[in-house]
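Some notes on the structure that comes next.
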Amino acid sequence: MDDTSEPQLQYLEYYEDFLAKVRVVSRKIADSDWMPDFVIGIGRGGLVPGCYVSHQLDVPMLSIDHSAKQPDFADELLAKLAVMSGEGKKLLFIDDINDSGGTIEFLRTRLAELGADASFVRFAVIITNTSSRAKTDYWAQTIDRSHDKRWFVFPWESVSTRETITAEALSVPERLA
């Protein structure tokens with residue numbers, strides 16, 4: 001794909017499909033030997049699935065922002081979460097998609113720098129990329145970006161204009177190349 005070609009947009013616009021994926025993720029967590037004390041929605045794409053998983057598991061939800069790309073914006077909250085993990089609180093971070101792995105790697109690295117106990121931190125997503133540089137603990141669907149070049153548009157994103165969605169898809173061209 002070159003910089004001017006249109007990405008293949010894959011709209012996940014059916015609420016029932018999204019809810020089924022949330023239930024898959026929630027069931028995998030509930031069936032594991034690890035139940036979080038807190039679900040942490042990663043802003044912006046992980047806020048909606050985080051809220052649903054939080055309700056499904058009956059676990060309180062917290063949130064942090066990463067999508068706005070404001071330098072150090074989430075550091076205070078990440079520091080608090082690092083302390084909580086050090087106290088033995090289990091933290092489940094959730095996002096909509098593990099695509100390149102950049103968000104998850106950033107959070108893992110920043111939490112480690114802040115002294116988090118990694119054994120109390122896990123990550124969940126609705127869709128995970130098997131060729132991502134970051135691995136997740138729980139997911140509902142897998143893709144392989146080395147073959148699958150679709151840009152997934154989640155229900156809460158579908159209210160944006162096609163131009164905005166396309167610009168977001170093209171903002172990191174290596175995801176779709």
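Scanning region 21-46 for residues that are in contact (Cβ under 8 Å) with a residue 40 or more places away in the chain, part of a helix (DSSP H, G or I) and of a type outside the set (D, E, K, R) yields a count of 4.
With the structure loaded, tell me whether Ser100 is of a type in the set (Gly, Ala, Ser), touching a Gly at 6+ places or on another chain (Cβ under 9 Å) and closer than 19 Å to Lys135 by Cβ or whether it fails that test. Give the steps one after another, and end with the answer.
Details: of a type in the set (Gly, Ala, Ser): yes; touching a Gly at 6+ places or on another chain (Cβ under 9 Å): no; closer than 19 Å to Lys135 by Cβ: yes.
Answer is no for this residue.
Being open to solvent by less than 50 Å² (accessible area, probe 1.4 Å), touching a residue at least 12 places away in the same chain (Cβ under 8 Å), outside any helix (DSSP H, G or I) and within 26 Å of Trp156 (Cβ to Cβ) is not true of Ile104. Looking across region 131-157, the residues that are closer than 17 Å to Lys21 by Cα and polar (S, T, N, Q) come down to Thr136, Gln141, Thr142. One residue alone among Thr161, Thr142 is closer than 27 Å to Gln10 by Cα, open to solvent by 60 Å² or more (accessible area, probe 1.4 Å) and in contact with a strand residue (DSSP E or B) (Cβ under 7 Å, 6 or more places away or on another chain), and that residue is Thr142. Checked against (1) of a type outside the set (A, V, I, L, M); (2) open to solvent by 60 Å² or more (accessible area, probe 1.4 Å); (3) at pLDDT below 95; (4) assigned to a helix (DSSP H, G or I), Gln70 passes all but a single condition, namely (4). Test Ala20 against the criterion of being of a type in the set (A, V, I, L, M), surrounded by fewer than 21 Cβ atoms within 10 Å (Cβ to Cβ) and in contact with a strand residue (DSSP E or B) (Cβ under 8 Å, 6 or more places away or on another chain), and give yes or no. When the stated conditions are applied, Ala20 does not pass them. Checking each residue in region 23-58 for being of a type in the set (A, V, I, L, M, F, W, C), surrounded by 16 or more Cβ atoms within 10 Å (Cβ to Cβ) and within 15 Å of Val121 (Cα to Cα) picks out Ile29, Phe38, Val39, Ile40, Ile42. Considering region 86-99, and only residues there that are farther than 20 Å from Lys21 by Cα and not in a strand (DSSP E or B), the residue that is farthest from the chain's Cα centre (by Cα) turns out to be Glu87. Kindly indicate whether Val83 is open to solvent by less than 10 Å² (accessible area, probe 1.4 Å) and either closer than 30 Å to Arg150 by Cβ or not in a strand (DSSP E or B) (or both). For Val83, the condition - open to solvent by less than 10 Å² (accessible area, probe 1.4 Å) and either closer than 30 Å to Arg150 by Cβ or not in a strand (DSSP E or B) (or both) - is not met. Scanning region 45-85 for residues that are under 18 Å from Glu157 (Cα atoms) and touching a His at 6+ places or on another chain (Cβ under 8 Å) yields a total of 0. Within region 8-16, none of the residues are open to solvent by 60 Å² or more (accessible area, probe 1.4 Å), assigned to a loop (DSSP other than H, G, I, E, B), in contact with an Asp or Glu (Cβ under 8 Å, 6 or more places away or on another chain) and not small (Gly, Ala, Ser).
The values are calculated or read from the model by the stated rules, or taken from the named source; none is laboratory data. Note that the coordinates shown come from a computational prediction; the quantities given were computed from them, not determined experimentally. Cβ coordinates were reconstructed from backbone atoms using ideal geometry, including for glycine residues, and neighbour counts include every protein chain displayed. Just the protein is used for accessible areas: all its heavy atoms, side chains included, with ligands, DNA and RNA removed. Shrake-Rupley method; radii C 1.70, N 1.55, O 1.52, S 1.80 Å.
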